[in-house]
Each structure stands twice: as C-alpha cells, then as structure tokens.
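Enquirer: Mind having a look at this structure? Questions to follow.
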Amino acid sequence: IYGWTGGADKILRDGEFPGVIGGTAKVDAARNEKEGLQLALFSGDDQRKVSVQIGGFKSDNGTAFPAENITAAPIGYVTPTAPAYWSEYITYKMPDPLLNYLHEFDVEKEKFQPVWVDFSLPKDQAPGIYKGKIDFSSDGNTLVSIPVELTVHKFELPDRMTFQAVVSSGEFYHGLYEQSGKVREEFNQFMF
C-alpha cells in the first residue's frame, strides 16, 4: 500500500502515518516555486531494489509539465541523541537525509519507506492541474502506480525574498549576546 503527505510531516517507520492512505496524491505550487511531496510505501514483505519512474504530467488541454523538473529521492533515517528534555520521539529513528544518490532502495517488511518528490516550477509554466503518475517497481515488475495531481497557480513567486524575516522557536540565548546589557537589549529588539 502507499500513503502521501506534504513536506512538513515526519513519517516514522513504525509510527502512525500522518497523511492520506491511497488515492490521488496532490500538491499545489506557484510558478517559480519548488514544492515537495512525500510518498510512502508499506509492504507485508521485504521489497528489494525498488526504483522510481515518473510518468508524463499533462494538463487537460495537453500542456506538459517538464519531466526534468520532477525529482525523487528515498528518505533515510537517523538515530538522534537523547535531548536534555522529554520527547515522545526519543525511541524512534527519525527521517532526515534525502538519499538522492540512490537509484534503487529497499522497503523493509511492515515499515514505512518514504520518498521525497520535488516539483520545480518554471516561471512561465501555464497554470492548471497536471495529472501524471509515479510508479515504483522491482525486478521489472510494477509494485504500485500512484496517481498524482500538481496544481499550478496563476501567480509567480519572486526570484528572492524582498523582506527580512526572523524565525525563532522561543527565547534564544547565546554567550555573545549575554556579554553586556546593551547588546542583549539590542538583540531582543531585533528578535522580538
């Protein structure tokens, strides 16, 4: 079986799947944007030397989405060190590296194996819904064929950000900013 979800979810090998099981995988993007989609395979048996084939994506009026602008890479797992605080994920291997150098990968029995699919949209891509498929095969046999819909919106993102952005997940303390009250105050005004 397979499931799909966006790029923000973490797909644990042994956990509950965070997305949709089966059906048509869907991804939305603006022109001049790169957007990710995760497809996850799950099998009752070990699957060896699995490869990915990306089918032609076309809109209803026949406009093609360039095949060279779609890439796929299996996602690897790492064992993180235990943090200084409690975490529900402390016993899990965490999905992290994109293994884009692998042309074949294994799907371990009864474990999720996600694949990251990137869509790089040209600035001049015609808006619309592009339908295609992503096939997974082993030894020349198709294991699963996943229908995918890419919605290209009418607007285009700029080449680079034109505004400053500060991202923080809470209070930030660093020795450099603790040296004097004036520096700390300036830093806090900038951050908050």
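Enquirer: Search the stretch 64-85 for residues being assigned to a loop (DSSP other than H, G, I, E, B) and either touching a strand residue (DSSP E or B) at 6+ places or on another chain (Cβ under 6 Å) or of a type in the set (A, V, I, L, M, F, W, C) (or both), and hand back the single one that is most open to solvent (accessible area, probe 1.4 Å).
Expert: Kept after step one, since they are assigned to a loop (DSSP other than H, G, I, E, B), are these residues of the stretch 64-85: 66, 79-85.
From what's left, either touching a strand residue (DSSP E or B) at 6+ places or on another chain (Cβ under 6 Å) or of a type in the set (A, V, I, L, M, F, W, C) (or both): 80, 82, 84.
Numbers: Pro80: 59, Ala82: 74, Ala84: 114 Å².
For the stretch 64-85, the residue satisfying everything is Ala84.
So that you can scan it fast, the table gives a plain yes or no per residue for (1) in contact with an Asp or Glu (Cβ under 7 Å, 6 or more places away or on another chain); (2) under 22 Å from Glu16 (Cα atoms):
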site: Pro74; (1), (2): no, yes
site: Pro80; (1), (2): no, yes
site: Leu102; (1), (2): no, no
site: Phe119; (1), (2): yes, no
site: Ile129; (1), (2): yes, no
site: Asp135; (1), (2): no, no
site: Leu150; (1), (2): no, no
site: Phe155; (1), (2): no, no
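Enquirer: Would you pick out the residues in the stretch 122-162 that are among the hydrophobic types (A, V, I, L, M, F, W, C) and either part of a strand (DSSP E or B) or open to solvent by less than 30 Å² (accessible area, probe 1.4 Å) (or both)?
Expert: Ile129, Ile134, Phe136, Leu143, Val144, Ile146, Val148, Leu150, Val152, Phe155
Enquirer: Could you check how many residues of the stretch 91-108 are surrounded by 12 or more Cβ atoms within 10 Å (Cβ to Cβ) and either more than 17 Å from Thr71 (Cα to Cα) or over 19 Å from the mean Cα position of the chain (by Cα) (or both)?
Expert: Adding up the residues that qualify gives 7.
Enquirer: State yes or no: is Ala40 touching a residue at least 12 places away in the same chain (Cβ under 8 Å), more than 18 Å from Pro74 (Cβ to Cβ) and open to solvent by less than 20 Å² (accessible area, probe 1.4 Å)?
Expert: no
Enquirer: Here's another thing I want to ask about it. Taking Phe119 and the conditions (1) modelled with pLDDT of 95 or more; (2) in a loop (DSSP other than H, G, I, E, B); (3) touching a helix residue (DSSP H, G or I) at 6+ places or on another chain (Cβ under 9 Å), which numbered condition does it fall short on, given that it satisfies the others?
Expert: Of (1) modelled with pLDDT of 95 or more; (2) in a loop (DSSP other than H, G, I, E, B); (3) touching a helix residue (DSSP H, G or I) at 6+ places or on another chain (Cβ under 9 Å), only one is false for Phe119: (2).
The values are calculated or read from the model by the stated rules, or taken from the named source; none is laboratory data. Remember, predicted model here, so these are calculated numbers, not experimental data. Cβ sites come from the backbone with ideal geometry, for glycine too, and all protein chains shown count toward neighbours. Side chains are part of the model used for accessible areas, which takes the heavy atoms of the whole protein and leaves out ligands, DNA and RNA. Shrake-Rupley method; radii C 1.70, N 1.55, O 1.52, S 1.80 Å.
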